[in-house]
Amino acid sequence: MKQYTWSCHCSAVTYEVGLDLTQPVFECNCSHCQMKGFLLSFAPKSDFKLLSGEKNLSEYRFHKKVISHLFCNICGVQCFWYGEKDGIPTVSINIRTLKDINLLELKKIPVDGKRF
Ligand SMILES: [Zn+2]
């Protein structure tokens, strides 16, 4: 596990969360992930720290409306979103918002989100 600082494209929204990027990330084909092209990973919300841009976050909810999708209202990039996994508050991380990363080097696991 390594600590990283992440940001949206315009850098108004910055955040810190540790992830082990030697582990595979997820590539999902649900209607939302497909359009936004997410590669994603998960962390407990307690390990997540928003450093800047709280006032720049706009929210989008759809389907059962239980997941809070947050995007930068300046550049439009969605860095992360809040949900819950087995009753534990969880943050999903948009792996593409880590600037110093070579996406081609990541291992990816396909997720068939379209089924749900
Ligand atoms: Zn931005």
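No lab work stands behind these numbers, since they all come straight from the coordinates. Because the structure is predicted, anything quoted here is derived from the model rather than measured. Neighbour counts run over all protein chains shown; Cβ positions are idealised from the backbone, glycine included.
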Short version: ³J(HN,Hα) in whole Hz for each residue of region 93-103, in order, from phi by Karplus 6.51 cos²θ - 1.76 cosθ + 1.60 (θ = phi - 60°), x for Gly and Pro, what are they? 10, 7, 4, 5, 8, 9, 5, 8, 9, 9, 4
Vicinal HN-Hα couplings computed from phi for region 106-116 (Karplus, 6.51 cos²θ - 1.76 cosθ + 1.60; Hz; Gly/Pro x): 7, 7, 10, 10, x, 10, 8, x, 4, 5, 8
Which lysines, on any chain, are close to LYS114 with Cα under 26 Å apart, when same-chain ones fewer than 8 places away are left out? LYS36, LYS45, LYS64, LYS65, LYS85
Principal axes of region 29-77: Cα extent on each, largest first, Å: 30, 26, 21
Rg over Rh of the chain, using C-alpha atoms and the Kirkwood radius, what does it come to? 0.93
HIS9: net charge of surrounding residues, Cβ under 12 Å, Lys/Arg +1, Asp/Glu -1, itself excluded? +2
antiparallel share of DSSP beta bridges within the chain, to nearest 5, in %, is 90
Neighbour cut-off at most 10 other Cβ (10 Å), DSSP loop, trypsin sites (Lys or Arg not before Pro), region 32-116: LYS64, LYS65, LYS107
CD proxy at 222 nm, helix term only [per DSSP H run n ≥ 4: -39500 (n - 2.57); per residue of the chain; nearest 500]: -1000 deg cm²/dmol
So if I place +1 on the C-beta of Lys and Arg and -1 on the C-beta of Asp and Glu, and nothing else carries charge, what would the dipole magnitude of the chain be about its Cα centre? I want it in debye, nearest 20. 320
